[in-house]
Amino acid sequence: MGMGEMGNGLGARMLMTIRSGGVGYRAAAAERVAAAFGEAYGEGPGWVVQGAGRVNLIGEHTDYNDGFVLPLALEQGVWIGLRARGDGQVVVRSLDFQEGATLDLGRLERGRGGWVEYVKGVAWALQEAGYVLRGWEGVMGGDVPIGAGLSSSAALEIATARAFAAVGGWDWDAAAMARAGQRAENAWVGVQCGIMDQMVSAAGQVGYGLLLDCRSLQSELVKLPANTAVVVLDTGTRRGLVDSAYNERRAQCQAAAAFFGARALRDVTMAQFLARADDLAPLLRRRARHVISENERVLEAAAAMRAGDAARLGALMNASHASLRDDFEVSSAALDQTAAAARRHPACYGARMTGAGFGGCVVAVAAAERGAEFAAVASGLLSD
Ligand code: GLA
């Protein structure tokens, strides 16, 4: 994986490229937290744990409709160097925010927000789920950009869960840990996210897509087609998730599911949708059409990946972007222009916005032998 600057007219920047297997990335952040731990405590950490960030290849705004997603775990994430404590306290310092916090696991209280609420929220959610928590102390640091649509918050939640699992000596139960992370975010922090980000952070593997059924939480690792590279382009634009638009989309999807008498849009087939679409209010019709078609695209994309068909995967990503732009209306000018510019490069199979939308990153799949060139010339392309 390489990182590089990409100056251009749109202000987009090449963040990273991911190859099948994800080899070659040096986790400088892991070394940074281990060194900081050594300085603070005079010995090495007992554990260095990580929660991974993610980039979603395809399957956007489908997770909270009980549908399918196909994200990719990143090597970047949030890292914690830690050792166990004999009492019920968590003492943690964030290198990125230059701030420390002490939590009493027996008396967790909501505070003024920020990174520490995610740590508290996970501790609370784990206790609610019946886990008996042991205290720990350590330092944390991340190397996934914050607020870029690459799930820095899920990475923090899963890193925290891994810290508790390490000191508690638990077996790693990815689905239970992901649910605790999601619960922390929904009920403690107050963001109504789905389960995708936490699941891929807890169960994903670098260099593989994770085909996830968001209802059963059954998942399957799917290899990237040979000779392809996934390139993440950051538009540099940001929009918070706590935004009303996300919750509004969720409510619209629920209303559309209710119209079809379904538990979730996942249960409505394209044929059922088409048979009754005319009776549905135009806005809900567009929202439902996105979700139902996107679920189909995810399953097709997984099949294309298994068949090593990068061209088909790319075409599905392009169609996903159009659907998110026109039917779900969560794209932005910067995302549209960056994706369109990326597609103009001959090495690019397809490109789309990734994450909740309105800002953040574009994900592209490119021919690996020209991936470096794609990244290098993207500055010129994107200034078109
Ligand atoms: C955010 C949420 C996810 C998912 C995506 C949209 O990343 O955290 O649960 O809903 O938006 O696909």
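The values are calculated or read from the model by the stated rules, or taken from the named source; none is laboratory data. Fair warning: this is a prediction, and the values are worked out from it, not measured in the lab. FYI the Cβ positions are ideal-geometry reconstructions off the backbone, even for glycines, and counts take in every protein chain you see. For the accessible areas, the whole protein counts, side chains as well, though only heavy atoms, and no ligand, DNA or RNA atoms are used. Shrake-Rupley method; radii C 1.70, N 1.55, O 1.52, S 1.80 Å.
Overview of results
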| item | result |
| --- | --- |
| Within-13-Å neighbourhood charge of Pro346 [Cβ basis; K, R +1; D, E -1] | +1 |
| Spatial separation of Cα centroids for segment 267-335 and segment 45-109, in angstrom | 31 |
| Cα pair distances of segment 22-223 binned at 5 Å [whole percent] | 1, 8, 17, 22, 21, 16, 10, 4, 1, 0 |
| Neighbour net charge for Leu335 - beta-carbon separation under 11 angstrom, K R +1, D E -1 | +1 |
| Computed E for Asp87/Arg306 - FRET, C-beta separation, R0 56 angstrom, nearest 0.05 | 0.65 |
| Kyte-Doolittle mean at least 0.5 and Cα axial length at least 18 Å: DSSP H helices in the chain | 152-168 |
| For the chain, radius of gyration divided by Kirkwood radius, i.e. Rg to Rh on alpha-carbons | 0.98 |
| Net length gained if the chain between Arg215 and Ala187 were fully extended (0.36 nm per residue, minus Cα distance) | 8.1 nm |
| Relative contact order of segment 99-168, pairs being alpha-carbon contacts under 8 Å that are 6 or more residues apart, as % | 33 |
| Two-site FRET efficiency, Glu99 against Ala40, from Cβ-Cβ distance with R₀ of 22 Å, rounded to 0.05 | 0.95 |
| Segment Ser293-Arg276, extension gain: residue separation times 0.36 nm, minus the distance between their alpha carbons | 4.6 nm |
| The chain, helix-only ellipticity at 222 nm - DSSP H runs n ≥ 4, -39,500 (n - 2.57), divided by all residues, nearest 500 | -12500 deg cm²/dmol |
| Of all accessible heavy-atom area on the chain, the percent that carbon and sulfur account for (1.4 Å) | 48 |
